[in-house]
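Inspection log for the structure reproduced underneath, given as structure tokens.
The values are calculated or read from the model by the stated rules, or taken from the named source; none is laboratory data. Because the structure is a prediction, the values reported are computed rather than measured. Methodologically, a virtual Cβ is constructed for each residue, glycine included, from the backbone with ideal geometry; neighbour enumeration extends over all protein chains shown.
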């Protein structure tokens, strides 16, 4: 993917010290950008990342997407925004739904409003499979985030606003794979929520590729989804055990607060209007206005497809295929060397 479009540009990554931010920053080292602004709340993570990257063109801004003033301060002069700041942990959001709303909904509104105000050329908002048919506070807040982005896209003449939606990112902060490895290190049995539960599996590099694809190909209001394989939790746990040569038993503890058995990346209603592009789906915004009366006559018979696109009807990886995918991750390679 040609990244020369970023040459001489000022980029902003909200939540830039998170897993996604750190991965895309490594990729952006290859380009001749003017400046990258990393915006987040955690000064310790910023300090560590500043030392790790040691790049004077990467600037670190302490602030919170909830705070309009700090958002406007960092957005002024920016060409492109990658909006990754979010509360992502499902159980935490279940217990503190208002906090999820403040960050994921109001925070996104602040970023997009500032982007439009200061003439940012393009904003890519990162969403999650939990936003499709949401049943938990995190998913609901992310679904509203998507709606805010798409609603603003209808009225932003000079700022292109797109959304990407992807599934579980393997070995990202707070995900189950590091948890399994930590249990193995402590010679503990692996705890499974529900063995038949399925989840999409994608790497951080694939998540970055999706976001960059949306950046290159997106029209305002577009939602992009990457086609991804999936696995059951029992097969994922088995693959981790085999890689790390653990023979401990597994313990089933049951579903956590707000968890689904299977995750959906695209609803049946969305698939009816989806464009199939290589390894991705593009779902264009519904551009109808509020004058619904004209549709009583003309109508639209293409209402929905037969089924949604979820983690139980996508390609299911075998244990050996999961192991192969895990071994492509630097995190897994590093942990195997430690153990």
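Looking at residue 48, is it surrounded by fewer than 18 Cβ atoms within 10 Å (Cβ to Cβ), within 21 Å of residue 161 (Cα to Cα) and out of contact with any strand residue (DSSP E or B) (no Cβ under 6 Å at 6 or more places or on another chain)?
No; evaluated as a whole, the condition is false for this residue.
Please specify each residue of region 200-234 satisfying the condition of being crowded, with 20+ Cβ neighbours inside 10 Å, closer than 17 Å to residue 177 by Cβ and in contact with a helix residue (DSSP H, G or I) (Cβ under 7 Å, 6 or more places away or on another chain).
Within region 200-234, 200, 201, 204, 207, 231 meet the criteria.
Can you find, within region 1-19, the residue that is surrounded by the fewest Cβ atoms within 10 Å (Cβ to Cβ) among those that are under 19 Å from the mean Cα position of the chain (by Cα) and either without any contact (Cβ under 8 Å) to a residue 24 or more places away in the chain or not in a loop (DSSP other than H, G, I, E, B) (or both)?
Only one residue fits best here, namely 19.
Can we say residue 124 is buried (at least 21 other Cβ atoms within 10 Å of the Cβ) and modelled with pLDDT under 95?
Here the answer is no, as residue 124 does not meet what is asked.
Is it the case, given these coordinates, that residue 115 is in contact with a strand residue (DSSP E or B) (Cβ under 9 Å, 6 or more places away or on another chain), in a loop (DSSP other than H, G, I, E, B) and either in contact (Cβ under 8 Å) with a residue 40 or more places away in the chain or crowded, with 20+ Cβ neighbours inside 10 Å (or both)?
no
If you go through region 20-54, how many residues are within 23 Å of residue 106 (Cβ to Cβ) and touching a residue at least 60 places away in the same chain (Cβ under 8 Å)?
2
Could you check residue 300 against (1) outside any helix (DSSP H, G or I); (2) at pLDDT 90 or above; (3) over 17 Å from residue 168 (Cβ atoms) and say which number it fails?
All conditions pass for residue 300, except number (2).
Look at region 32-45 and say how many of its residues are within 12 Å of residue 11 (Cα to Cα) and either touching a strand residue (DSSP E or B) at 6+ places or on another chain (Cβ under 9 Å) or in a helix (DSSP H, G or I) (or both).
7
Okay, residues lined up against (1) surrounded by 19 or more Cβ atoms within 10 Å (Cβ to Cβ); (2) touching a strand residue (DSSP E or B) at 6+ places or on another chain (Cβ under 8 Å); (3) in contact (Cβ under 8 Å) with a residue 60 or more places away in the chain; (4) not in a strand (DSSP E or B):
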site	(1), (2), (3), (4)
130	yes, no, yes, yes
138	yes, yes, yes, yes
144	yes, no, no, yes
151	no, no, no, yes
158	no, no, no, yes
165	yes, yes, yes, no
172	yes, no, yes, yes
180	yes, yes, yes, yes
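Looking at (1) under 15 Å from the mean Cα position of the chain (by Cα); (2) more than 28 Å from residue 315 (Cα to Cα), can you tell me which one residue 172 breaks?
The failed condition is (2).
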